[in-house]
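Since the structure comes first, as structure tokens, the remarks are kept for the end.
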């Protein structure tokens, strides 16, 4: 994948967006929805460029090759950002579950203290005061 970004840097690849022409580095700042829209536009241009021609061509047009490179870059960025989003979502869910488990544990600990007799409570209080 590094070679794709190297090629993009070498040709100073730019991406058309609603915010104007963006460099490869600036594309990373876009939302997944904006990236998806850009990828669809580039993919559409590529499909339209594939229209059959009966004239033999030694190499593909420069615009098409740049669009293929654009699409490769966009697909990689989308995949990476989607994975990062999924990891962040899983972490947030785990944090919420951990907080809930701690709340339940605190309630159980309170219930355990409430179940102690008055003598047991006084004994533990005396032990802790002596330790402090």
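The values are calculated or read from the model by the stated rules, or taken from the named source; none is laboratory data. Keep in mind that this is a model prediction, so the values were computed, not measured. Positions of Cβ are backbone-derived with ideal geometry, glycine not excepted, and every protein chain shown enters the neighbour counts.
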Practice item. Looking for whichever is over 16 Å from residue 78 (Cβ atoms), in contact (Cβ under 8 Å) with a residue 12 or more places away in the chain and either touching a strand residue (DSSP E or B) at 6+ places or on another chain (Cβ under 6 Å) or surrounded by fewer than 16 Cβ atoms within 10 Å (Cβ to Cβ) (or both) here; the options are 18, 23. Which one fits? Key: 18
Exercise for review: Would you mind finding the one in 91, 45, 70 that is surrounded by 10 or more Cβ atoms within 10 Å (Cβ to Cβ), at pLDDT 95 or above and more than 18 Å from residue 4 (Cα to Cα)?
Suggested key: 91
Point to revise | Residue tally, condition touching a residue at least 40 places away in the same chain (Cβ under 8 Å) and over 13 Å from residue 70 (Cα atoms), over the stretch 31-51 | key: 1
Exercise for review: Scan the stretch 53-66 and give yes if some residue there is part of a helix (DSSP H, G or I), crowded, with 16+ Cβ neighbours inside 10 Å, modelled with pLDDT of 85 or more and touching a helix residue (DSSP H, G or I) at 6+ places or on another chain (Cβ under 8 Å), otherwise no.
Suggested key: no
Exercise for review: Determine whether residue 116 is over 18 Å from residue 1 (Cβ atoms), surrounded by 11 or more Cβ atoms within 10 Å (Cβ to Cβ) and at pLDDT below 95.
Suggested key: yes
